Structure formats: structure tokens, C-alpha cells
Amino acid sequence: MKLKAAEAKAFMAKPDLSLGAVLVYGPDPLLVSYGRDMILRNLLARETDTGHERIATDQLRRSPDALLTMIKAQGFFAGRQVISIEAANDMACEATKRALDGRADDDGWLLLSSGQLRPKSKLRKLFESHKRAMAVPIYDLSFSPHEVRALLEKAHLKKIDADAMKDLETLGRNLAPQMFLQTVEKLRLYKRDQEDGRVQTSDIEACTTREDDRSLDDLIADLVAQRTQRISPALRQVYARGQNPVALLIRAQREFRAIFSAASHPEGPISGVSSLRPPVFGPRREQMVRHVSNWGVIGAGVALRNLLSVDRLVRSEAKIPAQAAVERAFLRISMTRIKR
């Protein structure tokens, strides 16, 4: 049987125990991993003494009946087994079919996960056509505002500013589920020992930015704001933390591509910044709107051409001082007179 993508979340929260096998697949490995783990967790919680074993796809070629044997096996307390296969492909099709055809109602379950599967995939066809199997495509598992609030309530985060709540709802829509759950957990730990415990946008920024990224973010902020006198000292600090010239160029290009994209939005800078992915929120959103207004399409295009030119030079076989080349490029961009 085939499940609609929109129904995936409800199925993962309450998998059908009458099924013999579930296949989770999709283009995003993080979403597939989250979906598989959620189904596994709920299968293990539905009955006591349920066991879990893993088997690799290549093992099934040597022993096609292995899956059937494993789902019929019982643990010490006669509990059923969940047998999981990660990165499953068409080589698992024959063994899975044998297990499904020979499975009794009180046998264990199969849980397969895979990447994006074409409609012609044998494994996908088996799960979509078999009455005791379910194919679960996962393309999006964003959290709704209601689900975000429930997660925050569960984490004992009850005092949340209105702007911070909007930011968290935006993150819930756009971050991978594991990353958003990690953000909520970081926020819980971050606010645990504070007397007031009120969550503000600055708290969210502190929990979503790694410490070793802060100096790099500060450097890019100085570059975009054209604070020329700060560029060289900031570069020395970033290099001292182990960053390399190519990484700086990539980060600067990403920032100016975002500015170029937002500046190209037909409804203006505010709408352009709101459409950026990953989302920009808090004080940085207001800062980005200013940058987009200041640079515009032409200015951002000039900066990107400079960065791409130096990028090609640094990555080439030419023996040039890469750090000095990046510094000259950044200084040149910081002193650019933006034409309207």
C-alpha cells in the first residue's frame, strides 16, 4: 500500500501494527532518518519486550530467508522483533517478499529505509502493491505552529516573547526535524538556570550559532556593512581559529547570493528577505533588509563577480598567497562605491 506524503507524520506517530513491513524513503537523508527512528520508537513502545535487530542489504543476497527467520524469532520474554534495514535497495526485494508472504499475524515487523526511489524500483513497487506492507514517502516533515508550541510546553519553555515565538515557528517550518528538536533542547538547557526564563530572539540566536562560527559571522557582517578598518583584524582572528581562504570565500559568496536574491524580489527587500531559505530572523533580519536595500542587485552582483574571480584564482594551480588574495578582495569589496 502507498501512503500519501501528507499522511506520513500521523502514520509515524501511530504505525499500523497489522502491517508486516514499512518502507520509508525520500530525497533527504535527515528526514528519512527521522521518520525511520520515529516509527521504530513507536513500534518498540507499543508492546513490552519488543526487540530490535539490524541487518545489511548485502547479507540478504547470501541468505534470502534470513528476514523471515528473524521476524519469527522471539526474545527471552517471547517479545516480537523489529528488523530494520537501512539504505535498502532492490537487492532486498526478494527477501522482503518471502518474509511478507510467510509472515503470521503475531510475527515481528520489517522496517526498511532508503533514499529517493524511482517509481519503477522493484522494492517500491513491492511495498505499494502488497496488502501487508506500506510505502511511506517523506518529502517534508515541518512542524506546525501548534506542534511547535506543544514541543516548547514539553520542554518547560512557557515564557516566550511574541517575536521569539514567530522565529521558532519559522524554524519549525524550515529546519530538518532533528535540527529543530536539537534547537529546542539547547534552548531548554540555555534557559534552565536563568531566574526569569523568558525566551527572547537573542536566546534563539545563541542556540543556533556555533561558537566557532561567531568570528566568521562577524567578519562577513563587517564585509557587507563595508567596515573597511575591521576587515584585516577580523581576518587574522578567523585564520587563527583554523578557517581557510576557500571557506571564507564560500561563506561570503553565500551571503551576497542571498542579498542578490532578496534584492531581485519584485515586492521589495522586506519580502525578499522573508523568502530566503534558511530563514533569517531577529535583529539579523532587520540588518539583512538594510544590506539588501544598500547593495541592491547591481552592487551585490559586483561583489559576487569579485569573489568568484578570486575563488577561481585561489583554487587554481597558480602559486599565489591565498590569504593575501582573499584579504585584497574583501578590502576591495568593502570599499566598493555602490552605484544605483
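When SER114, SER316, SER261 are ordered from fewest to most other Cβ atoms inside 10 Å of their Cβ, what list results?
Details: SER114 22, SER316 9, SER261 17.
By the 10 Å Cβ count, ascending: SER316, SER261, SER114.
Find the Cα radius of gyration of the chain, compare it with 2.2 N^0.38 Å by division, and give the number to two decimals.
Details: Rg = 25.7 Å, N = 340, 2.2 N^0.38 = 20.2 Å.
Dividing the Cα radius of gyration by 2.2 N^0.38 Å gives 1.27.
At 37 °C and 0.692 mPa s, what whole-number value in µm²/s does Stokes-Einstein give for the translational diffusion of region 274-340, with Rh from the Kirkwood sum over Cα pairs? List each step's numbers first, then the result.
Numbers: Rh = 13.8 Å.
Estimated via Stokes-Einstein, D reaches 239 µm²/s.
Let me see the P(r) profile for region 1-145: every Cα-Cα distance counted, bins of 10 Å, each bin given as a percent of all pairs.
P(r) for region 1-145, in whole percents per bin: 12, 47, 34, 7, 0.
Cross-link candidates for LYS186: which lysines have Cα within less than 20 Å, leaving aside residues fewer than 8 places away along the same chain?
LYS154, LYS158, LYS159, LYS166
Normalise the Cα radius of gyration of region 46-131 by 2.2 N^0.38 Å (N = residues in it) and let me know the number.
Numbers: Rg = 12.9 Å, N = 86, 2.2 N^0.38 = 12.0 Å.
Dividing the Cα Rg of region 46-131 by 2.2 N^0.38 Å gives 1.08.
Using Cα positions and a limit of under 28 Å, work out the lysines in reach of LYS2, with same-chain residues fewer than 8 apart set aside.
LYS14, LYS72, LYS97, LYS120, LYS122, LYS125, LYS131
Using C-alpha positions alone, give me the convex hull volume of region 145-208 per residue in cubic angstrom.
Numbers: hull volume 4.5 nm³, N = 64.
Taking the convex hull of the Cα positions in region 145-208, it is 71 Å³ per residue.
Cα-based Rg (one decimal) and Dmax (whole number) for region 1-87, in Å?
When restricted to Cα atoms, region 1-87 yields Rg and Dmax of 13.6, 39 Å.
Quick one: helix 145-154 against the long Cα principal axis of the chain, what's the angle to the nearest 10°, folded into 0 to 90?
80
Please build a GNM for the chain, connecting alpha carbons under 10 Å apart, and tell me which residue among SER33, SER232, SER142 fluctuates the most.
SER232
Rounded if a/c is under 1.5, else prolate if a/b is larger than b/c, else oblate: which is region 258-297, with a ≥ b ≥ c the root eigenvalues of its Cα gyration tensor?
Working: a/c = 1.77, a/b = 1.26, b/c = 1.40.
Taking the square roots of the gyration eigenvalues as a ≥ b ≥ c, region 258-297 is oblate.
Return the tail of the calculated pair distribution for region 211-334, meaning the percent of Cα-Cα pairs more than 24 Å apart. Present the calculation step by step, with values, prior to reporting the outcome.
Details: 2014 of 7626 pairs.
Result for the distance tail: 26 percent.
Take the alpha-carbon centre of region 9-88, take the same for region 207-273, and report the distance between them in whole Å.
Centre-to-centre distance over Cα atoms comes out at 44 Å.
Starting from region 250-340, pick out the GluC sites (Glu not before Pro) whose DSSP state is loop and whose Cβ has at most 11 other Cβ atoms within 10 Å. List each step's numbers first, then the result.
Numbers: sites: GLU255, GLU267, GLU286, GLU317, GLU327; in loops: GLU267, GLU317.
Qualifying residues, ordered by number: GLU267, GLU317.
The numbers here are math on the coordinates, done by the rules we state, and not lab data. The shown structure was predicted, so the numbers you read here are calculated from the model rather than taken from an experiment. Neighbour counts run over all protein chains shown; Cβ positions are idealised from the backbone, glycine included.
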